[in-house]
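Have a look at the structure below before the remarks.
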Amino acid sequence: MKYLAFILFTVMTNAAAQLMLKQGMMSLGPISFEGVNPLVRLLQIVFSPWVFLGLCTFVISMASHLYVLSKVELSFAYPFLSLAYVAVAVFAYFVFREDLNGWRIAGIAFICVGTVLIAQSGREGAGHDEAAASHSTDKITTSEIV
């Protein structure tokens, strides 16, 4: 639970990146490669302001995620990324007026319940991460000596 703030930062930057990419693609309109060099069109898409900002935000999200992975178990950290689905669905409802029907709300509820269960599992094994890191360091030190 010590790294929960970093995990949530990763989730929120991931969700923000998705929203920026959607805004960027909406501002570009339907994509067509007819009569245009595909590489030129791809560069136009990548360097449009919202898409570029979204991609940069993804880089920040991935850097944060790499930091988290260096500190906690993958099986604990990765499921939290599903909360990005929740954030995207809620923000898309308010920002883009996308549909948020009963099925989506039920799915969001299941995601939240599952994430809470995973977070609870992290509390029980809180000392496990430090013990594993210590054991890991011992292995490296031992192999360096040999």
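Neighbour counts of C-beta atoms inside 10 Å place LYS71, LYS2, LYS22 in the sequence LYS2, LYS71, LYS22, starting with the fewest.
Please compute the length gained on full extension between GLU73 and CYS112, using 0.36 nm multiplied by the number of residues separating them and subtracting their Cα-Cα distance. Please report the intermediate quantities before stating the final value.
Numbers: separation 39, 0.36 × 39 = 14.04 nm, distance 1.96 nm.
Fully extending the segment from GLU73 to CYS112 adds 12.1 nm.
Karplus-based coupling profile of the range 24-31, in residue order and whole Hz: x, 6, 5, 6, 7, x, x, 8, with θ = phi - 60° in 6.51 cos²θ - 1.76 cosθ + 1.60 and x standing for Gly or Pro. With a cut-off of 18 Å on the backbone N, the residues of the range 54-98 near the modelled label site 7 Å out from MET25 along Cα-Cβ are 54-59, 84-98. Residues THR57, THR10, THR115, arranged from fewest to most other Cβ atoms within 10 angstrom of their Cβ, appear as THR115, THR57, THR10. Among LEU81, LEU4, the ranking by other beta carbons within 10 Å of each residue's beta carbon, starting with the fewest, stands as LEU4, LEU81.
Every number in this text was worked out from the coordinates using simple rules, so none of it is lab data. Note that the structure is predicted; figures quoted are calculated from it, not measured. Cβ coordinates were reconstructed from backbone atoms using ideal geometry, including for glycine residues, and neighbour counts include every protein chain displayed.
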